[in-house]
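The values are calculated or read from the model by the stated rules, or taken from the named source; none is laboratory data. Owing to the predicted nature of the structure, the values given are computational and were not obtained by experimental measurement. When we count neighbours, we look across all protein chains shown, and the Cβ atoms used for this are built from the backbone with ideal geometry, even at glycine.
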Amino acid sequence: MKRIFIEPAKCDGCKNCTLACMESHREDGGRGLYTLDLTDPANQSRNRILSDGKGGYLPIFCRHCDDPDCAGTCMSGALVKNQTTGLVDYDAEKCAACYMCVMACRYGVPAVSPDRKRMIKCDFCQHLEEGPACVRACPKKAIEVREV
Amino acid sequence: MERFVIIGAGAAGISAAQVLRDFRPKDVVTVISTDEKVHSRCMLHKYLGHERDAQGINFVGADFFEKNDIVHISCETVKRIDTAAKTVFFGESYSAPYDKLLIATGSGFFIPPIPHFREAPNVFGFRDLSDALKIDEAFAKGRRVFIVGSGLVGLDAASALCERGAEITIAEMAPRVMPLQTDDYAASVYQKVFEDHGCKFLLGIGASDAVVDEAGNITEVILSNGEHIPCDFIIMAAGVRPRIQIALDSGIAAERAIQVDGHLRTSVPDVYAAGDCTGLSGVWPDAMAQGKAAARNMAGVDEAYPKPYPFKNTSNFFGVTMLSVGRLDLTEGADILVHKTPTEYKKAIVKDGRLTGYLSLGDISNHGLYLHLIRSGIDISGKLDKIFRLTFADFYGINEKNGEFAYSV
Amino acid sequence: MNSCTDCLSRNTCLSADKPMENYIRQLPRETAHHRVEGQSTKCGFGLQGVCCRLCANGPCRVTPTAPRGICGANADTIVARNFLRAVAAGSGCYIHIVENTARQLKNTGLHKDKIRSEKALNRLAEIFGVTGSDKYDLCVKVADKVLSDLYRPEYEPMELVEKLAYAPRVKRWKELGILPGGAKGEVFNNIVKTSTNLSSDPVEMMVSCLRLGISTGLYGLQLTNLLNDVVLGDPEIRPAPVGMNVIDPDYINILITGHQHSLFTYIQDRLLDEDVVAKAQAAGAKGFKLVGCTCVGQDLQLRGAHYTEIFDGHAGNNYISEAVLSCGAIDAVLSEFNCTLPGIEPICDELKIKQICLDVVAKKANAEYIPFQYETRQADGDRIIDEIIAAYKARRGTVPMNLFTDHGNKNTLTGVSEGSLKAFLGGSWKPLIDLIVAGKIKGLAGVVGCSSVAYGHDTLTAELTRELIAKDILVLTAGCSSGGLENIGLMTPEAAELAGPNLKAVCKELGIPPVLNFGPCLAIGRLEIVATEIAGELGVDLPQLPLVLSAAQWLEEQALADGAFALALGLPLHLGVPPFMTGSKVVTKVLTEDMVELTGGQVIIDPDGKSAANTLEAMIEKKRKALNI
């Protein structure tokens, strides 16, 4: 399967990947970084760039784990480890917003949507032909997709 | 070629069926269930609230059995297992032979021995789709609902019926709602939000008797303090008991629950048990994990099933979300740290530098690491000043080769 | 770094000038065009203008979980602050230019130096209402009027505003309370205003941009032109060669970059003196030539009729300066303002091109600083000449030549100004007005300002221009946009073929191209004088004219200050990319909607030439309808 790799040593915390993720998942019908609503809490990035406490940054991106805690908890069938792509897919229609997945992921990746009706997690930008938006957005080339 | 038979189509049974099919593409896998349809009981309130239909609470696809070439015998209760002949008996005279059997009968709702409660036709549980159907029928005739127990099941049922305009009274023996997962403050928040939606709570009190009509229906619940509460029907949400009758009747060792070893094997060879019926845990994700582990063992993989950690819960009622993990009740010798603002309430129980309990009311995004910290007993004594803002960055580790994260302590 | 081999395989950006695009792609060194790709990942916060780096608590960015900076500034405040600071800086640039220009005029008067146009001098004296004992005294008086306004404190309104600006506009500005105080004081005050924890009123800040715009436009743009005319000569319409073909390797070639033509008054004449030419010949060249680049080159081109001997022609705009230097036949660079790209530093090192900086504001790291000071101009001038001759001798034959002799064309129409165009039409605007009223010319579009490369070198400018002329809209240009358009032939009479049927007929009859070259970006001010005079004749205010502006590939802060003037004049202003302001709903609304109520102006943002042309055409048609034509 393909997995997103990040090199923390190269990360400068510029958050271009965060913006690219927001742009990839915006639902207002618009396009382009100029009009991305940066103040709308519904427009959340799936990745987080956290401080390492020593002046550097640790990008926390969903691993689409081999043995995902989240899919192993899901009671609605919304989260499923796709046997073909290896990715952990999320179906918001099936999700009942119980948030057991949020509780289960030991890396604290999934987030709760502001309207408390959905869970928010990386979907590998499968809706984009070019693949994950974060990869292309990193000016330090710290993010890449590798086959594992 | 082996024949696998699974009794029960809940979290454990279905998970096991999928894993057996994955490991053994050509073998026969049969699931026998009392339920007509596969459904997630954790979502039953969505059905009762008329938000979703039966297919909408199916946690696997409608074509699950077809797609995986699994035989599903529905609406049948297994009466007897002949462990010597390795055959299960159900229905009038049907039987199914097995090479390996999995008992995943789950648990059923418990009615305490209050006069009339066990006989009254208008006392329902809230475990299965059949319960929800019965409640639906009853609700068509009367809207005054009496719910015994304000745990998750009771509140699930209440939230569903609130949306449909019911008059709800909830009785709870403990002095606060959702007593196992909350503390006094968190409980008060949930209590208020339910009250705002029309529910009435009777805390620290229980039902002790009832008034019935000619048909035996309870028309009034009599509380332990003598008060009479009129009602049209009652939902019992006062606990569950593992369904062990089939084991008892078949010579498989069981006391409160079906006894299993570290590989989920029962006392009888080639018979396994998983899920609520084993009594190891009562939560959905553990049932799934047990189903998968049992299935792998049944398929020949020698894999021990680690003891589950059942003290974990999330709730989401009327947009108020809460996460409760670990033992909030075990506070002796522990430090209790509290963080309270108008929009957040968090409590951490720390003993000997380790997190033993965590409660968070409000935005529970990115909270998953707290459960892991409790289960793994990682020393966090150096991080107590930011206990409420911990992230995986504080424990960051990564496998350079395959990119999986790993805790670095 | 300059000859890095991995640059060679890297892509260069597209250019509207295809021959130039190829030339640059083949260069064995890096230029701005090569660097576009590496910088193509833009910071989204920066693009929206919501990154604030004013204080040590920052940099702060606006995000859904942190919509305010640490000080409490929201997106509107952050954007408005950044924007006003940019406009103030841009205004400062232009005011610096007019200040130096006025000082040069004053020195001309004080030292009884050469006056090339008494007509221009008298025109200014009349506008200002000053008289003098003689023409030299008049120079001093006129210059002093300008300087005293520039040096006024910002709480004293500038005197010349009402004399220069169109009366209906002044009336509106008074109503809005945006008559500017002293120009330098205004810049100063608005830098202060936009500092940490000072103003957080986005609307007040946007109104201040308008005030800065007026000061920039009337002084920095209009007056600089009119002052320059006195000392440097009036523009005259004439065909001229443009592009890299103008460079003649037999001469010692000096590339000039900047905006301050007045700083070259001495040297451009000195280079033709017999003794200097003899020095050049002794070194093996035929003489000296000035090669134009950036706005100062356009200024020299504008007045080229007076400089036929010393000026070879305008090679191109700012973003081909690196290419021009690469041809090998440029021996020195004299810089005094922008755009003097830092990118030329390693090129000049490699090709042994002597860099001399005449104004410290445009100092290159490896340039020699010989500031233009009137009092010492002769000694300095001789020193400059000797340095350049030494460079010529040292470099020719030791560095490769890479001439681009067939680039550009020989017959671009140049020298268009409000004066020369009016004279061309017979001394009145009536013929032009009649053509507009009759619909033979649908309207006027100023496609002005800079050249940029991040989204293609002049690509939007060229596409927009082609679309506009195809719609019978006469295009007037000024600035590096001019430099780009002329090199691709849009200002030759043959370009009339690309115009719509009506405009084509007009062009052929008059023998003009459908795109008129007013010269440097300073000449945007001249364009605005044209608009004012035509409006005066029609008896309408500027917003009512069938006139639109586009700074399609605006580049820097000066462009924003120019743009503020356009808005103050009540004109629609098209920009290709937003000026780092979309992060603020308030600022965006003020610029793109509310401005119509305020001044009549409006910002339109559109990166697509076709759709922008359609929008601009619709606006022209709407204005025509309102005028009943």
By residue number, the members of segment B:252-296 that are out of contact with any strand residue (DSSP E or B) (no Cβ under 6 Å at 6 or more places or on another chain), among the charged types (D, E, K, R) and within 14 Å of another protein chain (Cβ to nearest Cβ) are B:Asp286, B:Lys292, B:Arg296
Residues that are under 21 Å from B:Leu369 (Cβ atoms), more than 11 Å from chain B (Cβ to nearest Cβ) and of a type outside the set (Phe, Trp, Tyr), drawn from segment A:82-102
A:Val88
Consider B:Ile364 against the criteria (1) more than 9 Å from chain A (Cβ to nearest Cβ); (2) surrounded by 13 or more Cβ atoms within 10 Å (Cβ to Cβ); (3) at negative phi: it satisfies all of them except one. Which criterion is unmet?
(1)
Quick check, is A:Cys105 modelled with pLDDT of 95 or more, on the phi < 0 side of the Ramachandran plot and either touching a Gly at 6+ places or on another chain (Cβ under 6 Å) or facing another protein chain (nearest Cβ under 10 Å) (or both)?
yes
Yes/no for A:Val145 being more than 8 Å from every other protein chain (Cβ to nearest Cβ) and more than 26 Å from B:Tyr309 (Cβ to Cβ)
yes
Residue that is farthest from C:Lys471 (Cα to Cα), among those in segment C:537-593 that are assigned to a loop (DSSP other than H, G, I, E, B) and in contact with a strand residue (DSSP E or B) (Cβ under 6 Å, 6 or more places away or on another chain):
C:Pro578
Determine whether B:Ala393 is at the interface with another protein chain (Cβ under 9 Å from one of its Cβ atoms), closer than 25 Å to A:Ile60 by Cα, surrounded by 13 or more Cβ atoms within 10 Å (Cβ to Cβ) and touching a strand residue (DSSP E or B) at 6+ places or on another chain (Cβ under 6 Å).
yes
Inspect segment B:26-42 for any residue being more than 13 Å from chain A (Cβ to nearest Cβ), of a type outside the set (Lys, Arg) and free of Cβ contacts under 8 Å to residues at least 40 places away in the same chain and give the result as yes or no.
yes
Answer yes or no as to whether C:Lys352 is in contact with a helix residue (DSSP H, G or I) (Cβ under 8 Å, 6 or more places away or on another chain), on the phi > 0 side of the Ramachandran plot and of a type outside the set (Asp, Glu).
yes
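Select from segment C:157-170 the residues that are of a type in the set (A, V, I, L, M, F, W, C) and in a loop (DSSP other than H, G, I, E, B) and write down the one among them that is nearest to C:Leu567 (Cα to Cα).
C:Ala165
Okay, residues lined up against (1) buried (at least 18 other Cβ atoms within 10 Å of the Cβ); (2) in contact with a helix residue (DSSP H, G or I) (Cβ under 7 Å, 6 or more places away or on another chain):
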residue: B:Arg256; (1), (2): no, no
residue: B:Gly262; (1), (2): no, no
residue: B:Gln290; (1), (2): yes, yes
residue: B:Tyr309; (1), (2): no, yes
Applying the selection to segment A:108-141, what residues are among the hydrophobic types (A, V, I, L, M, F, W, C) and either touching a Gly at 6+ places or on another chain (Cβ under 9 Å) or part of a loop (DSSP other than H, G, I, E, B) (or both)?
A:Val109, A:Cys122, A:Phe124, A:Cys125, A:Leu128, A:Ala137, A:Cys138
Go through segment C:401-424 and give me each residue that's more than 18 Å from C:Phe518 (Cβ to Cβ) and touching a Leu at 6+ places or on another chain (Cβ under 8 Å).
C:Asn402
Taking segment B:43-53, which residues are at the interface with chain A (Cβ under 10 Å from one of its Cβ atoms) and in a loop (DSSP other than H, G, I, E, B)?
B:Glu51, B:Arg52
C:Gly415 vs. criteria in contact with a strand residue (DSSP E or B) (Cβ under 8 Å, 6 or more places away or on another chain) and closer than 17 Å to C:Val475 by Cα:
yes
Just give me the residues in segment A:1-36 being in a loop (DSSP other than H, G, I, E, B) and within 8 Å of another protein chain (Cβ to nearest Cβ), in sequence order.
A:Cys14, A:Lys15, A:Leu33, A:Tyr34, A:Thr35, A:Leu36
With the checklist (1) modelled with pLDDT of 95 or more; (2) more than 17 Å from C:Leu403 (Cβ to Cβ) in hand, flag the one item C:Thr265 doesn't pass.
(1)
Looking at segment B:165-182, which of the residues that are surrounded by fewer than 20 Cβ atoms within 10 Å (Cβ to Cβ) and under 21 Å from the mean Cα position of the chain (by Cα) is nearest to B:Ile222 (Cα to Cα)?
B:Met173
Counting only residues in segment B:364-409 that are basic (Lys, Arg) and part of a helix (DSSP H, G or I), the one nearest to A:Cys105 (Cα to Cα) is identified as B:Arg375
Return the residue satisfying two criteria in turn: it lies in segment A:37-62 and is assigned to a strand (DSSP E or B) and hydrophobic (A, V, I, L, M, F, W, C), and of such residues it is surrounded by the fewest Cβ atoms within 10 Å (Cβ to Cβ).
A:Leu50
Scan of segment A:110-145 for residues that are under 23 Å from A:Lys10 (Cβ atoms) and touching a Lys or Arg at 6+ places or on another chain (Cβ under 6 Å), ordered by number
A:Cys122, A:Lys140, A:Ala142, A:Val145
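Residue by residue, here is whether (1) basic (Lys, Arg); (2) more than 14 Å from chain A (Cβ to nearest Cβ); (3) under 27 Å from C:Asp359 (Cα atoms) holds:
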site: C:Val50; (1), (2), (3): no, no, no
site: C:Ala56; (1), (2), (3): no, yes, no
site: C:Thr65; (1), (2), (3): no, no, no
site: C:Gly72; (1), (2), (3): no, yes, no
site: C:Val79; (1), (2), (3): no, no, no
site: C:Val87; (1), (2), (3): no, yes, yes
site: C:Cys93; (1), (2), (3): no, yes, yes
Does any residue of segment B:265-277 turn out to be crowded, with 23+ Cβ neighbours inside 10 Å and touching a Pro at 6+ places or on another chain (Cβ under 7 Å)?
yes
Confirm whether C:Arg152 is out of contact with any Phe, Trp or Tyr (no Cβ under 9 Å at 6 or more places or on another chain), more than 21 Å from C:Thr216 (Cα to Cα) and either surrounded by 18 or more Cβ atoms within 10 Å (Cβ to Cβ) or outside the structural domain of C:Thr216 (by TED's automatic domain parsing) (or both).
no
